[in-house]
Amino acid sequence: MERSERLWFGLLILVAVVVNAITLSPMVPWQKWLLWSRQTPDRSFNIEFEDYQIKLPPQGIQVKVGELVEFVATSKDVTYGFGVFRKDSTMVFQMQVVPGYENRIAWKFDTPGSYDVRSTEYSGPRHPEMFIEDAIQVSP
Amino acid sequence: MVRIGWQEKWTLRYAVVGLLFLALSGLEGILMRLQLWVPEALRGMEAVLNTIRPVAREPSPAELFYSMLTAHPIVGVYGFAYMCVMGAFYFLVPFLLKKEIRHKGLVPVNFALQIIGVMTCWGAGFFGLFNSLYTLYWPLPVSYDRVPLMGSIVFAVGAAVIMVNILLFSYNLFSTVLSKSNPQGYSFWQFLRAAFGISRLMKLLGKEDKSAPPLDYDGLPVFIVAVGRGSIDTVINAVVLLTAGALILIYGLAALLQTPLDPSAVNALVYKNWFWWGLDMVADGNVLMYTAGVWYLLIPLLVGRKLFGESVVRTVIMVDLLVSMGVWSHHLLGDRVQPFVMRLLSGQFVTWGEFLTMGLTIFASLATIWLARPVKFSPALKFVLGSIFGFIMGGAAGLIQANVGLNLVFHNTQWVVALHAHTFLLTGLGMLLFAVIYALIPMLTKLEIRSQRLVNAHFWFWMVGSVAMAYAMGMAGARGMLRRTIYPLPNPYQPFLAIGAIGSLLMAVGFVAFLVNIIGTLGWTNVFSLVVPERWLSRGAEAAA
């Protein structure tokens, strides 16, 4: 290996180590509770997917800013996606909903307001209809 | 009219059909971009097309969109890219090894079967409205309340034809490399040992078997090493997708015979792992290796200098096989039920292995050009540099999304499909295949590319169009726009969609400039000679004489 290659290879390794270290660290906010703590969720909500329908808990989803909330999504037919979106349509987080499994994700909302829920995985031609406006209410 | 040899003619035929598939795939892409921008834009055209579809009721715009979205990547990847790769390799492998293709009869068979397979899959979408998308997530392809049964069966048959054909093609390639007519013939196991780098590793550890043939391929051009190495991925991909297609076919035929099988008998997560492991052998396997191989071949030829760091490059080729076999979990980072250790190791860390291997590959390629200065920027070299840019841009976007943390906001967004996948395919792979065509035409026909202006127009329209489309849609993805989702009007993504649609139209202009130039270079007579049977041409020549 020539000197220029060794230098380049060293630079590549440095970039790889730095980017991986940063993105796995608590500098990415959700890594604090997804990766670096084993905190028990303050609340848990079950969401069921079936026949292009997203079924939220009958009492709705109300949470407080800063509390750790767990979403448990299940599907009775095909693969869907559980995605939470702000009112400006930007994504907060999402996960796949694989049939035959309890798909879990914990989250802490940092801003009060209403959030929409949308299926983020294609499940058939009616997939774009799978949208619930103001599905989650986050209070201060 | 120039005299074109048998193998050269078949290579040109593969290229012509590949370009026709690119045109079809590109047209679908433009139509879908328009429909995303203005959801009702295609209603008039679809009303006309519905008159030739054998369906009981008028399909919804969404059904038509998703069936087009299912056919689109099959036409683009297995039509355009594979046809061009097959044609190029059928010329280059025997050319570089200085011997003939081992089974010449398979060359026209591969040509016909690939067209039949791709068009069958396309027909399953266009006529049968099969809409499960290329991902085929279980059990969607066998959920006949949302996916048409006949469409599903026809698609599975078409996919099986493609995969069997790819296995035949790979067999012919390996057979040619390993055949005894090669002055340095290899047995299959010697070749496999070398492909996995075992012999090279033994040599590094000082345990070289000196009585063995040159197992680390030192006797073969580095391009052949890359082709052999990438073709291992190609075979694995074909076998895995063949099993998925067979499964879908079994369920389809059972449903057709009124004895439906239970989809829950197949574990959706295990299937998804198996499917992505095989599918990723293309996305993160043979595409990268074939690309690297073509750079290693073309760049030294175009700049007249030996490849820089060839020993490192051979080791990189070996390492990349292990990387591509362990990288598939980055497609399952959104699956919280996928074991975390798999997501972190396979999904994130092994993916960064590609950063290292492609980083070294690109360095060797650019260093070769730099050290050969001054170089003439021939059409092929321009497009090689364009393809390197495409792989850098698409690769950077891929590394950002292939991250257990960041994937939470990037998975299944337009970022993934536009800034990563389409930059890889259109700017990276597309420009590379154009470079190959620009380089091969003078080799195959002894004709020089006719218009430099049209080459430049092709280059800039394609480059600006593909980057504008990918960047605009990538930014829409970063703002939450999902792939595979039609948004009703008004939506906040309209400006991005408009730029995306304009970008795709710019690429179409570039493609037309390319076609005009290629036809102008070859001349209509030579183009017709590719499709007219040889005996007709001989009769015509006799009559003229």
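Identify all residues within the range A:114-124 that are in a strand (DSSP E or B) and either within 22 Å of B:L133 (Cα to Cα) or touching a helix residue (DSSP H, G or I) at 6+ places or on another chain (Cβ under 7 Å) (or both); write none if there are none.
Residue satisfying the conditions is A:R118 alone.
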Please work out if A:F93 is without any contact (Cβ under 8 Å) to a residue 40 or more places away in the chain, at the interface with chain B (Cβ under 8 Å from one of its Cβ atoms) and of a type in the set (F, W, Y).
no
Selection within the range B:473-501 - under 18 Å from B:P39 (Cβ atoms) and of a type in the set (A, V, I, L, M, F, W, C)
B:M473, B:A476, B:M481, B:L482, B:I486, B:L489, B:F496, B:L497, B:A498, B:I499, B:A501
For A:G83, work out the one condition from (1) within 8 Å of chain B (Cβ to nearest Cβ); (2) under 30 Å from B:P139 (Cβ atoms); (3) in contact with a helix residue (DSSP H, G or I) (Cβ under 9 Å, 6 or more places away or on another chain); (4) modelled with pLDDT of 95 or more it doesn't fulfil.
(3)
Kindly indicate the residue of the range B:463-479 that is within 14 Å of chain A (Cβ to nearest Cβ) and surrounded by fewer than 23 Cβ atoms within 10 Å (Cβ to Cβ) and also nearest to A:K87 (Cα to Cα) among those meeting that condition.
B:R479
Filter the range A:96-114 for residues that are in contact with a Leu (Cβ under 7 Å, 6 or more places away or on another chain) and not hydrophobic (A, V, I, L, M, F, W, C); the one that is farthest from the other protein chains (Cβ to nearest Cβ) is A:K108
B:M86 is checked against (1) within 26 Å of B:R484 (Cβ to Cβ); (2) surrounded by 20 or more Cβ atoms within 10 Å (Cβ to Cβ) and fails just one. What number does that condition carry?
(1)
From A:V117, A:V65, A:V72, A:V78, grab the single residue that is surrounded by fewer than 19 Cβ atoms within 10 Å (Cβ to Cβ), within 13 Å of chain B (Cβ to nearest Cβ) and more than 22 Å from B:N403 (Cβ to Cβ).
A:V72
Of the residues in the range B:341-384, how many are surrounded by fewer than 18 Cβ atoms within 10 Å (Cβ to Cβ) and within 30 Å of B:E448 (Cα to Cα)?
9
Is one or more of the residues making up the range B:482-490 outside any loop (DSSP other than H, G, I, E, B), of a type in the set (A, V, I, L, M, F, W, C), surrounded by fewer than 24 Cβ atoms within 10 Å (Cβ to Cβ) and in contact with a Phe, Trp or Tyr (Cβ under 9 Å, 6 or more places away or on another chain)?
no
Please count how many residues of the range A:1-50 are of a type in the set (D, E) and within 7 Å of chain B (Cβ to nearest Cβ).
2
Which number in (1) under 30 Å from B:S170 (Cα atoms); (2) surrounded by 21 or more Cβ atoms within 10 Å (Cβ to Cβ) marks the one condition that B:F65 misses?
(1)
Could you tell me how many of the residues in the range B:266-305 are under 19 Å from A:G100 (Cβ atoms) and either polar (S, T, N, Q) or without any contact (Cβ under 8 Å) to a residue 24 or more places away in the chain (or both)?
3
What residue, among those in the range B:105-145 that are farther than 30 Å from B:D335 by Cβ and without any contact (Cβ under 8 Å) to a residue 24 or more places away in the chain, is nearest to the other protein chains (Cβ to nearest Cβ)?
B:A112
Members of the range B:360-411 found to be within 14 Å of chain A (Cβ to nearest Cβ) and assigned to a loop (DSSP other than H, G, I, E, B), listed by number
B:A402, B:N403, B:V404, B:G405, B:L406, B:H411
For the range B:277-317, how many residues meet the condition of being outside any helix (DSSP H, G or I) and within 16 Å of B:V375 (Cα to Cα)?
5
Would you check if there is a residue in the range A:36-59 being surrounded by 17 or more Cβ atoms within 10 Å (Cβ to Cβ), free of Cβ contacts under 8 Å to residues at least 60 places away in the same chain and in a loop (DSSP other than H, G, I, E, B)?
no
When you scan the range B:449-462, do you find a residue that is among the hydroxyl-bearing types (S, T, Y) and away from chain A (no Cβ under 14 Å), even just one?
yes
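The values are calculated or read from the model by the stated rules, or taken from the named source; none is laboratory data. Just so you know, these numbers come straight off a predicted model, no measurement behind them. When we count neighbours, we look across all protein chains shown, and the Cβ atoms used for this are built from the backbone with ideal geometry, even at glycine.
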